[in-house]
1. Please pick out the residue among I48, I31, I40 that is free of Cβ contacts under 8 Å to residues at least 60 places away in the same chain, farther than 27 Å from S125 by Cα and out of contact with any Gly (no Cβ under 8 Å at 6 or more places or on another chain).
2. Please determine, by comparing only the residues of region 7-21 that are of a type in the set (A, V, I, L, M, F, W, C) and touching a helix residue (DSSP H, G or I) at 6+ places or on another chain (Cβ under 7 Å), which one is most open to solvent (accessible area, probe 1.4 Å).
3. Please specify each residue of region 115-132 satisfying the condition of being open to solvent by less than 40 Å² (accessible area, probe 1.4 Å) and at pLDDT below 90.
4. Of the numbered conditions (1) farther than 23 Å from R28 by Cβ; (2) modelled with pLDDT of 90 or more, D106 fails exactly one; give the number of that condition.
5. Find all pairs meeting these conditions: Cβ atoms under 9 angstrom apart; at least six residues apart or on different chains; first residue within region 133-152 and modelled with pLDDT of 80 or more and surrounded by 10 or more Cβ atoms within 10 Å (Cβ to Cβ); second residue acidic (D, E) and in a helix (DSSP H, G or I).
Amino acid sequence: MDKMKFSQKCNYALRVMLDLSTFYHYRRAHISDLAERRDIPPKFLGQILLLLKKKGLVKSKKGPSGGYTLKRPPSEIMVGEVIRVVEKSFFSEDPDSADTQKESRDYSKHGFYGLLRGIDEAVHSVIDHISFEDIRKREAERYAQDTAGNTFVI
């Protein structure tokens, strides 16, 4: 089965938002720490953080105690918000645009009328109901399962 794929930029944006969700209640994250923890090139990460900041998803503070943090609690930020910021081409255009109306007419000739709208609705029903808090919990559970039964000696 084929899988949907996001751009590398979107993958990085999702990773950084997850990292910021993990540390939301504790501290701000420096760009170098984010880059290292989530394996993201620092220059590219800077561009992504700027975009996320412009869209009101993250905030930053300068100085030695500065860094990045989420603008809202992770439970209030849905995965779909980040995907929409980064993956413009992933979502169909405005339903009232001339191109979308032409595409609908073309599909209706072949029995596919409403197919794209149905796909959009299905995708939205998933990504708009999963918060970064949900993803953070999944990651913590997976980590706990991966390390269950292992003894670490230092």
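The values are calculated or read from the model by the stated rules, or taken from the named source; none is laboratory data. Fair warning: this is a prediction, and the values are worked out from it, not measured in the lab. Neighbour counts are summed over all protein chains in view; Cβ atoms, including those assigned to glycine, are modelled from backbone coordinates with ideal geometry. Ligands, DNA and RNA are excluded from the accessible area calculation, which covers all protein heavy atoms including side chains. Shrake-Rupley method; radii C 1.70, N 1.55, O 1.52, S 1.80 Å.
1. Unique residue meeting the criteria: I40.
2. Going through region 7-21, the residues of a type in the set (A, V, I, L, M, F, W, C) turn out to be 10, 13-14, 16-18, 20.
Within this subset, residues satisfying the condition of being touching a helix residue (DSSP H, G or I) at 6+ places or on another chain (Cβ under 7 Å) are 10, 13-14, 16-18.
Details: C10: 0, A13: 0, L14: 35, V16: 1, M17: 1, L18: 18 Å².
The residue in question is L14.
3. Answer for region 115-132, where residues must be open to solvent by less than 40 Å² (accessible area, probe 1.4 Å) and at pLDDT below 90: G118, D120, V123.
4. Unmet for D106, out of (1) farther than 23 Å from R28 by Cβ; (2) modelled with pLDDT of 90 or more: (2).
5. That search, which allows pairs on different chains as well, returns E133/E76.
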